[in-house]
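Beneath this line is the structure, given in structure tokens, with notes to follow.
The values are calculated or read from the model by the stated rules, or taken from the named source; none is laboratory data. The structure presented is a predicted model; accordingly, all values stated were derived computationally and were not measured. Note that we place each Cβ from the backbone using ideal geometry, even for glycine, and neighbour counts take in every protein chain shown. Ligands, DNA and RNA are stripped out before the accessible areas are found, and what is left, the full protein with its side chains, is counted by its heavy atoms. Shrake-Rupley method; radii C 1.70, N 1.55, O 1.52, S 1.80 Å.
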Amino acid sequence: MSRLLEVNDLKVSFRTYGGEIQAVRGVSFYIDEGETLAIVGESGCGKSVTAQAVMGMVPVPHGKVKNGQILFGDRDITKLSKKKLQQIRGSEIGMIFQDPMTSLNPTMKIGTQIREGILKHQKLSKNEAKEKALELLRLVGISDVEKRYSQYPHEFSGGMRQRVVIAIALACDPKLIIADEPTTALDVTIQAQILDLLKDIQKKRNSSIILITHDLGVVAEVADRVAVMYAGVVVESGTVDEIFENPKHPYTLGLLKSVPNLDSPDKERLIPIDGSPPDLFAPPTGCPFAARCPFAMEVCVMHMPDKETFSDHHYAKCWLNDNRAIKVEEMITAGSEQLV
């Protein structure tokens, strides 16, 4: 597989009345063609801001990409003009937003909203654009498309509106789809349908997907690789199997321990992560998770850990993985009850 997107040392901040919020602090990751990368973490960790940066949509003047590269093919998105970014959005990178009611225009018919992007980025007539819009509605599983094409968003259910948002994202056959919490507002039955739809579309089109979520169940269902974010930093990254079966960072372990496992024979107790994320007006100099980590050492508070690599895809930033420290597996085995 060839490399589609590569993000290197991305830093994004926002100016507020209270000072500068360092929302993304040196994030790096990549995604290959046909691959699904999940970016996970609790609210406020910088997932959506990272997605906005990839789309070239960091709100200005208050938001700013302070450092880093976002290489999409041979182009650095951080250096493109507004016009060039508009050409890429929709045509090469599509976005599925969390809440379809805020991303759909309530005053415009559904068909018009799908056709709009097609007419902007592709050399098609209005009739050809309409036929493609109807085909997209069929692709995302909406029946009676001729009738639905002329209806407004309020005439659709929540699951159908999300399917329309997916149709809009797919309108110009983008190479990369960014899905920002695409199933959060849906019930579990509709959520499963939307996830199956995304997997099916990816298989048919060989598109790449960046999935922004806090739901590890969704990650296990659809992702190939996972990047775990905390306080604006990727603290661990690896394949789904590596992250779920062999976590190397206490925050990753904490996320896994806080998710119910219905297949567990002993009905494991859910273990919350105590405390709160750090203040990103003045981020800690050491590991951002140190204040909440039951295994934290003095060095964790004082210095940011280096990246320790365990395979071609798996790495973590944690002092417990240093060869001078007690191995994380032993530490977890000996003290996992401290997480209670």
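For the chain, what is the Kirkwood estimate of the hydrodynamic radius, computed as the reciprocal of the mean inverse distance between distinct Cα atoms, to one decimal in Å?
Working: mean 1/r = 0.0469 Å⁻¹.
21.3 Å is the Kirkwood radius here.
Given the pairs LYS120/LYS175; LYS11/LYS79; LYS126/LYS204; LYS123/LYS203; LYS64/LYS120, which are separated by over 19 angstrom at their Cα positions?
Details: LYS120/LYS175 17 Å; LYS11/LYS79 14 Å; LYS126/LYS204 26 Å; LYS123/LYS203 26 Å; LYS64/LYS120 28 Å.
Over 19 Å apart, Cα to Cα: LYS126/LYS204; LYS123/LYS203; LYS64/LYS120.
Between LEU80 and ASP32, take the C-beta separation as r, use R0 = 30 Å, and let me know the FRET efficiency to the nearest 0.05. List each step's numbers first, then the result.
Details: r = 22 Å, r/R0 = 0.73.
My answer for the efficiency is 0.85.
What does the accessible area per residue of the chain come to in Å², with a 1.4 Å probe and no ligands, DNA or RNA counted?
For the chain, the solvent-accessible area averages 49 Å² per residue.
Suppose the chain between LYS120 and GLN193 were pulled fully straight at 0.36 nm per residue; how much longer would it get relative to their current alpha carbon spacing?
23.3 nm
Rank these by accessible area, largest first, 1.4 Å probe: ARG3, ARG75, ARG225, ARG292.
Most to least solvent-accessible, the answer reads ARG3, ARG75, ARG292, ARG225.
For the chain, what % of the accessible area comes from carbon and sulfur atoms, probe 1.4 Å?
51
So for region 147-270, what percent of the C-alpha to C-alpha distances run longer than 22 Å?
Of all Cα-Cα distances in region 147-270, 45 percent exceed 22 Å.
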